[in-house]
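First the structure, in the form of structure tokens, and then the observations on it.
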Amino acid sequence: MRAVVQTRYGTPEAVLQVGELAKPRISDEEVLVQVRAASVHPDVWHVVAGRPWMLRWMGAGIRRPRNPVPGSDVAGVVVEVGSKAGRFAVGDEVFGETILGTQWNNGGAFAEYVSAPEESLAELPRGVSFEQAASVPTSGFIVWLNLPEREWFGTQRDVLVNGAGGGVGTIALQISKSLGAHVTAVDHTEKLDLLRNLGADRVIDYTREDFTRGDARYDLVFDVPGNHSYSTCRQALKPGGRYVLIGHESFGTEGRRIFGLITSFLLLMVRSRFDPQLGSGRTTVPSRRETMDLLRDLLAEGKLTPVVDRTFSLEEVPEALRYLASGQARGKILVTP
Ligand SMILES: NC(=O)c1ccc[n+]([C@@H]2O[C@H](COP(=O)([O-])OP(=O)(O)OC[C@H]3O[C@@H](n4cnc5c(N)ncnc54)[C@H](OP(=O)(O)O)[C@@H]3O)[C@@H](O)[C@H]2O)c1
């Protein structure tokens, strides 16, 4: 099969090329998917660059990537089913993640075929394209992992999503809306119409207004860029309100070369033990299956509208990663083999 092959860490132009590889072998719990679309998200960039270095010790591969094929979000058609995998049959159209655990690993999706655990896949809903479905899995998982549980949204909550126009933010905005929240979305001037179209009740242009200095108070600040300190963001919380940081390394320009933002997160985790406002308050970790099923339902009901910017070929993956890192994309970037 044709695949994007990465033999070492470095800039996409220097370390990625299209080559011929054997089709992946599947384990008993996996299926083989013929790839129709795969998405380019910041974690793909991290593993190609090998930055922060810590990811190499976290399983990606110390000298070179253990899996030479990047990409971890996929949509396609099942062509083979493992002996203990009973959820899908040959011919089913599916979407999801190709790896369980941390996404700081190559997942093999930038290829004609990829193996994937059946637990991290869901059926492609009718009327949703392969490109749309492939754009949501990893971002959707990070959102659902970091939002409070469904019950918390029972009474109408005021949620602010900072960085709402990005891959993670557009999904946080739409899941919060689907759970009944009143959502204020913060991003750049050019993305405000998009945010209104996605259902934001109120938008704030970060180039003109600082949400931490306004009068409004929120039950949850879901912060993607992390451009204000927690102490500053806390001023925008209602009593008992919560603050969640996703964090953005901005393609190696934020955080340190070795640990990236990991040390900042560890400090926040320690602090959260003494500060109930820090963190989502979630008591359970959602499984991949639960999350993909939620995303499937929201896609099917029209409550989650993926925003696709551009689609690239396998040969154009270095250009796609450059485009991602340029910050010019208005929606998700896809690869089709
Ligand atoms: N996407 C994924 O699948 C995924 C999964 C797991 C973890 N993550 C992590 O989550 C982080 C965010 O990913 P993403 O895909 O959402 O990134 P993204 O698409 O770049 O989104 C970030 C958004 O924040 C906006 N922003 C920048 N500065 C801001 C400011 N001062 N105030 C408010 N908004 C601001 C950006 O707008 P501009 O265009 O103006 O810069 C952009 O719309 C990354 O660090 C990534 O590693 C992502």
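Computed from Cα atoms, the angle from the helix 288-300 axis to the main principal axis of the chain rounds to 80 degrees.
Comparing 21, 331, 160 along the charge dipole axis of the chain, the residue lying farthest to the positive side is 160, per the Cβ-charge model. For the chain, a Gaussian network of Cα nodes joined below 10 Å ranks 53, 45, 152 by mean-square fluctuation, and the top entry is 152. Distance between the 7 Å Cα→Cβ label points at residue 1 and residue 322: 2.8 nm.
Length gained on full extension, residue 66 to residue 256, computed as 0.36 nm times the residue gap minus the Cα-Cα distance: 66.1 nm. Placing unit charges on the Cβ atoms only, positive for Lys and Arg and negative for Asp and Glu, gives the range 148-272 a dipole magnitude near 300 debye about its Cα centre. Footprinting exposure proxy ranking of 135, 83, 287, fewest other C-beta atoms within 10 angstrom first, gives 83, 287, 135. Counting every other Cβ atom within 10 Å of each residue's Cβ, 54, 292, 269 order from fewest to most as 269, 54, 292. For the pair residue 29 and residue 57, the difference between a 0.36 nm per residue extended length and the Cα-Cα distance amounts to 7.5 nm.
Give me the percent of Cα-Cα pairs in the chain that sit more than 34 Å apart, rounded to a whole number.
Summing the P(r) tail past 34 Å for the chain gives 22 percent.
Rounded to the nearest 20 debye, the dipole magnitude of the chain is 900 debye, with +1 charges on Lys and Arg beta carbons, -1 on Asp and Glu beta carbons, and the Cα centre as origin. Exposure proxy shown here: for 21, 304, the number of other Cβ atoms within 10 Å sets the order, fewest to most, as 21, 304.
Look at the dipole of the range 148-272 built from charges on Cβ: of 218, 252, 240, the Cα furthest out on the positive end belongs to 240. A crude spin-label estimate for the pair residue 274 and residue 216, with each label 7 Å from Cα along the Cβ direction, gives 3.3 nm. Helix 262-272 and the longest principal axis of the C-alpha atoms of the chain enclose an angle of approximately 40°. Pick out, in residue order, every one of the trypsin sites (Lys or Arg not before Pro) in the range 61-166 that is DSSP loop and has at most 10 other C-beta atoms within 10 Å; say none if there are none. Answer by residue number: 63, 84, 126.
Kindly identify the range 150-289 as rounded, prolate or oblate by the Cα gyration tensor criterion: order the square roots of the eigenvalues as a ≥ b ≥ c, call it rounded if a/c is under 1.5, otherwise compare a/b with b/c, prolate if a/b is larger, else oblate. Judged from the Cα gyration tensor, the range 150-289 comes out rounded (a/c under 1.5). Here's the picture: a label point sits 7 Å out from the Cα of residue 282 along the beta-carbon direction, and within the range 79-103 the residues with their amide nitrogen under 15 Å of it are 101-103. In this simple spin-label model, placing a label point 7 Å from the Cα along the Cα-to-Cβ direction at both residue 150 and residue 297 gives a separation of 0.4 nm.
Between the listed residues 281, 230, 7, the Cα displaced farthest toward the positive end of the dipole of the chain, a dipole computed from Cβ unit charges relative to the Cα centre, is found at 230. Charges were assigned to the Cβ only: +1 to each Lys and Arg, -1 to each Asp and Glu. The resulting dipole of the range 67-155 about its Cα centre is roughly 80 debye. Packing, as the average of other Cβ atoms within 10 Å across residues, places the peptides 69-82, 214-227 in the order 69-82, 214-227, highest first.
Phi angles of the range 189-206 translate, via the Karplus equation with coefficients 6.51, -1.76, 1.60 and θ = phi - 60°, into HN-Hα couplings of 2, 5, 9, 5, 5, 4, 5, 5, 5, 7, x, 4, 7, 8, 10, 10, 8, 5 Hz per residue; Gly and Pro are given as x. Relative to the longest principal axis of the Cα atoms of the chain, the long axis of helix 137-146 lies at roughly 40 degrees.
Quick note: the coordinates plus some simple rules give every number you see, no bench work behind them. Everything quoted here is computed from the prediction, not taken from an experiment. FYI the Cβ positions are ideal-geometry reconstructions off the backbone, even for glycines, and counts take in every protein chain you see.
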